Every structure is written in C-alpha cells, then in structure tokens.
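Structure first, commentary second.
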Amino acid sequence: MNRFDLTKKIEDEISKHDLHHAILFESNNSKNIKAFVSDIARMIICPNNSNPSDNCYFCVGSIKNTIVNKIEIVDNVLIKKAQIENMIEKFSASLIVENKTKVYIIHAAELLAVDSSNALLKFLEEPSPNTYAILTTTNASKVMTTIKSRCVKYSIPFEAEIESEENELIDIIRRKDKKALFLFGNKNKKTDASTLINIIKETYKFEILVNHVEIAKDFLEAIEQFRVNSFTNMVLENLIVKIYEVI
C-alpha cells in the first residue's frame, strides 16, 4: 500500500474511532518512515485529527516535540529496557490534562533487546485508554514475534522521489502565473483521470506541502473526486480556483 492510500485509511479509522492501538510500519527507508509516522502521530493527537496540520496547539507541539502526549524512542545500537520502562512510567503516571490522547513511537523495533520487548509486551497487551503505539522497522522478521502479533502491520516501499521536469502545474504555481493556470485548466479538460491524478499527486508532494499547505486538503479531496467522479473537468476547475486564490 502506498503512503497516500495508507494515510487516507488511517485517517478514516481515526474518524471512526476504529484505529488499532498498535501499528508496526515496515519500510526500506528508515529516514522517510520516521517522517511519515511522525505525521501519523500528529494526526492522532490533534483534536481535529487534521490532515494536513491545521497548526493547532497540538499539531505544532507534535511537530516541534514540545508536548508530553508524544514520546519517541530511537537508538542506533540497542533499545534498552530502561528506555521502555521510562516511557511507560511517564505515560502511566503523568496527568496529561492537555489532551487525553497519547502516542509513543519506537523507531527500529528490531533493535529492542529481549528484556525490552518483554517490558513493552505487557503495555501492548494492556494499553492505557487512548494510548497508541507506533513501531517502525526496516526488517520485520527481526522483530520479536510476540510484539508483531499485537500489532497491525503495514509495509511501505519508498522509491526514489524525483520531481518530474514535465509537470507544468508545478511550474505555473511557482511562477504565480494566473493566466497560464487557466490555460492549463482549459487544455486539460478532457485529460483522463489517471493522468490528472498523477499530476495532482506530484504537485501536492513537491509544491503544495512545501509552500501552500493551506490548500493541501483541497488537493487530497480532488484526488479522491478524480477517482470516483466522471466529471473530471468540474473537479479540475474547482481545484484551479483554489490554486488561483493563493498564488
């Protein structure tokens, strides 16, 4: 499952209060998976469960790691039992009055020592209310079987991400060329949905999330509408208007 579809799935589960309390993400890229799960944690903690960030207190605090609702454990050699016990103590004993939802992230779960895994296991089996565990790994086969059995597992491949030189929409937005924007809309009225989805996805990833996050949600909604709506020209026109308003 790709990141976009998985994010949407998790977003839906959060809104339905159906998110599993423990998730294991396996990926071939430890750096990219860290950024991905950090944003998932932010979305869980946010009272509005916003995607992307709505810049509320909890979103900003999660991004800056300044709130007590989120704890991250990472080690390049071995994750020790004391680190797990310290995390459990903080979440179990502290009065988190700001927001009841708590998320802990354990990066490189394959580095959990045996006694660390055993300490974590009980917390996974009997989680505190509104407490979610996110574990990452580059090799799920090395994660303790009893830990994996308590988690929902997703594999996310990260391919080399290179911005296409042919993406005209990205160029138009960066040049803030409103005339060219409407010409782009007219030219692509009959473009098939699959091609438009690829253009919009790439623009979302390389430009909107970087410089125009205020319309990121509009891009996500447009992608969904392109998938189910046969009137692609209307979907594109609405998106063009949103872009026009911010460039």
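Of all positions in segment 62-72, none carries a residue that is buried (at least 16 other Cβ atoms within 10 Å of the Cβ), of a type in the set (D, E) and touching a helix residue (DSSP H, G or I) at 6+ places or on another chain (Cβ under 6 Å).
Each residue in segment 5-20 was checked for being of a type outside the set (S, T, N, Q) and not in a loop (DSSP other than H, G, I, E, B), and 9 of them qualify.
Condition (residue is free of Cβ contacts under 8 Å to residues at least 12 places away in the same chain, surrounded by fewer than 22 Cβ atoms within 10 Å (Cβ to Cβ) and over 18 Å from I88 (Cα atoms)) applied to segment 126-145: is it met by at least one residue? Yes, segment 126-145 contains at least one residue that is free of Cβ contacts under 8 Å to residues at least 12 places away in the same chain, surrounded by fewer than 22 Cβ atoms within 10 Å (Cβ to Cβ) and over 18 Å from I88 (Cα atoms).
Here I14 fits the description: farther than 20 Å from K90 by Cα and without any contact (Cβ under 8 Å) to a residue 60 or more places away in the chain. Could you check, for segment 31-54, whether at least one of its residues is touching a Cys at 6+ places or on another chain (Cβ under 9 Å) and farther than 24 Å from V213 by Cβ? Among the residues of segment 31-54, not one is touching a Cys at 6+ places or on another chain (Cβ under 9 Å) and farther than 24 Å from V213 by Cβ, which makes the answer no. Considering N76, N28, N2, the condition of being exposed (fewer than 15 other Cβ atoms within 10 Å of the Cβ), touching a Ser or Thr at 6+ places or on another chain (Cβ under 9 Å) and either of a type in the set (D, E) or under 25 Å from V143 (Cα atoms) (or both) is satisfied by N28 alone.
Going by the structure shown, is I88 assigned to a helix (DSSP H, G or I) and out of contact with any Asp or Glu (no Cβ under 9 Å at 6 or more places or on another chain)? Taking the combined requirement at face value, the residue satisfies it. Selection over segment 122-147 of residues that are more than 18 Å from A41 (Cα to Cα) and of a type in the set (V, I, T) gives a count of 5.
Rundown of residues vs (1) out of contact with any strand residue (DSSP E or B) (no Cβ under 6 Å at 6 or more places or on another chain); (2) within 29 Å of E126 (Cβ to Cβ), yes/no style:
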| site | (1), (2) |
| --- | --- |
| N32 | yes, no |
| S38 | yes, yes |
| A41 | no, yes |
| S53 | yes, no |
| F58 | yes, yes |
| G61 | yes, yes |
| N69 | no, yes |
| V74 | yes, yes |
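Every number here is computed from the coordinates shown, using simple stated rules; none is lab data. Keep in mind that this is a model prediction, so the values were computed, not measured. Methodologically, a virtual Cβ is constructed for each residue, glycine included, from the backbone with ideal geometry; neighbour enumeration extends over all protein chains shown.
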